[in-house]
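The values are calculated or read from the model by the stated rules, or taken from the named source; none is laboratory data. Since this is a predicted model, take the numbers as computed values, not measurements. Please note: Cβ atoms are built from the backbone with ideal geometry, for glycine as well, and neighbour counts cover all protein chains shown. SASA here: full protein model, heavy atoms, side chains in, ligands and nucleic acids out. Shrake-Rupley method; radii C 1.70, N 1.55, O 1.52, S 1.80 Å.
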Amino acid sequence: MTSTSEAARVHPPARRPLKRRTRLPKTRVDPVTIISFFLVILFVMPARYVVGPLGGAGSPASMVAVMLLVWYLLSTLSPRWTPLRGRQPVRAVIVFFALAVLASYVAAMTRPLSSEELNAADLGLVLVAGWAGIALVTADGINDMDRLETLRHRIVLGGTFPAAVAMIQFFTGIEITQYLALPGLVENGAGVLFEREGFFRPSGTATHPIELGVVLAAILPLALHGAIYCRDPEARRKRWLMVALIATALPMSVSRSAILGLFVAMIVLLPTWKPEWRLRAILIFGAASIVMRIMIPGLIGTVLNLISVIGADENSTTRTGDYDAVVQAVSQRPLFGQGFATYLPRIYRVIDNQYLMSALETGLVGVAALLTFLLAGWVLARRARKASTNEETRHLAQCLAASSAVAIFGFGTFDAFSFPMIANVMFLLLGLTGALWRLQTTRPPAHRPTT
């Protein structure tokens, strides 16, 4: 008989195969989370506080927006992480807009520039880079409707903060935003409250009451959508509270642009609502007007008076008086203008119209790019509504169309690109609309059975 040791030598035991360490799959960085961080900086931090040497382009929100563009461009270098999947009209819109600005920059270098204009032109490129990053990451980074709804809710939640701050400013006259800035930042503009007809005109965390009012008018349709289609009773009360805060703070800006923007949004929304919704909206609007008349005597009358004297008051005649000067300046550089962000009020004059400002700074090509940017939001929203069969999604698309209509109108009442919050918000909403269009029009590929 063979011993056990001899048998082991003749027939050694089979070795167990070594287990390989399983690597966890790498997950994508969620664009909605990154954009949410951007929203906190945009809405919570006062827009007038900047990094000193960078001036207007040195706001924390603008710096984060530029990093979004860098992240987007680096992602395109990897076939696995690239966001360039399928059609996305927002990309073409952003490229056209950026090329128009670059052409105006080249045109600016062909004429004598003061050091102040040269710095403004350089910083203008930084602003455009940030706007492009916001729109592209949003348009290409949202992968499903759940994440899109999350971002919509966070935009409304962010817009509620400056509305609440504005209400405190309106009733107390205290500029509380001076306590919200990070250490090391400096003020780029006066931190005082404006007044009109005996009322404080709050800016919230924006730089001007007009900017605040138009931002709230653009966000209000998204807030209404979230409140109308919320299925959780407790969450629905919170969402209606956000609607109430935004809608109440809007007239407190004592701004014609804000009130007319609100009317524009309602004109777009009301025809698509059910009859009972329209009736409720009219009743709520009437009741809210009565309550505001009682609680804040004179505010509603002041706002209505501002609208009734359009074209006859000094403010309107001053704006129309800009037309001759604009036509003369544009005729000298009709195609590409004198350079984006170089028409400085302290050197030339104040132009309260972004269409005229674009004609001056970026020429007729720049005006075409601006109109393409503004109309793209409307067209994509309407196409997304047409492509969807879901009632909630169709309503969201109409709300985004209403926000675009507010911008199309509002950009004619003030130089919007001179104000950081409204510019960032509108490029963000363009990206959100592009994402909705892509999700509604792009069909998933048919499933192939595996062998």
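Brief remarks follow.
- Failed criterion for Trp81 (all others in (1) over 30 Å from Phe194 (Cα atoms); (2) in a helix (DSSP H, G or I); (3) open to solvent by 10 Å² or more (accessible area, probe 1.4 Å) hold): (2)
- Within region 286-301, the presence of a residue that is touching a residue at least 24 places away in the same chain (Cβ under 8 Å), touching a strand residue (DSSP E or B) at 6+ places or on another chain (Cβ under 6 Å), on the phi > 0 side of the Ramachandran plot and of a type outside the set (S, T, N, Q) is excluded.
- Condition broken by Leu396, with the remaining ones in (1) surrounded by fewer than 24 Cβ atoms within 10 Å (Cβ to Cβ); (2) farther than 23 Å from Gly133 by Cα satisfied: (1)
- Some residue of region 166-173 being assigned to a loop (DSSP other than H, G, I, E, B), more than 30 Å from Gly377 (Cα to Cα) and in contact with an Asp or Glu (Cβ under 8 Å, 6 or more places away or on another chain): no
- Across region 56-78, the qualifying residues are those that are open to solvent by 20 Å² or more (accessible area, probe 1.4 Å) and not in a helix (DSSP H, G or I), and the one among them that is nearest to Ile34 (Cα to Cα) is Thr76.
- The lone criterion from (1) polar (S, T, N, Q); (2) modelled with pLDDT of 95 or more; (3) surrounded by fewer than 24 Cβ atoms within 10 Å (Cβ to Cβ) left unmet by Ser418 is number (2).
- Scanning region 116-133 turns up no residue that is within 22 Å of Pro345 (Cβ to Cβ), open to solvent by 10 Å² or more (accessible area, probe 1.4 Å) and part of a loop (DSSP other than H, G, I, E, B).
- Number of residues in region 254-285 that are farther than 20 Å from Ile296 by Cα, among the basic types (Lys, Arg) and touching a helix residue (DSSP H, G or I) at 6+ places or on another chain (Cβ under 7 Å) equals 1.
- For Leu375, the criteria (1) without any contact (Cβ under 8 Å) to a residue 24 or more places away in the chain; (2) open to solvent by 70 Å² or more (accessible area, probe 1.4 Å) hold in every case but one, which is (1).
- For Met252, the conditions (1) of a type in the set (A, V, I, L, M); (2) modelled with pLDDT of 95 or more; (3) more than 17 Å from the chain's Cα centre (by Cα) are fulfilled apart from (2).
- Scanning region 280-296 for residues that are among the β-branched types (Val, Ile, Thr) and open to solvent by 70 Å² or more (accessible area, probe 1.4 Å) turns up Ile282, Ile284, Ile290, Val291, Ile294.
- Glu361 open to solvent by 10 Å² or more (accessible area, probe 1.4 Å), farther than 23 Å from Ser104 by Cβ, touching a residue at least 12 places away in the same chain (Cβ under 8 Å) and in a helix (DSSP H, G or I): no
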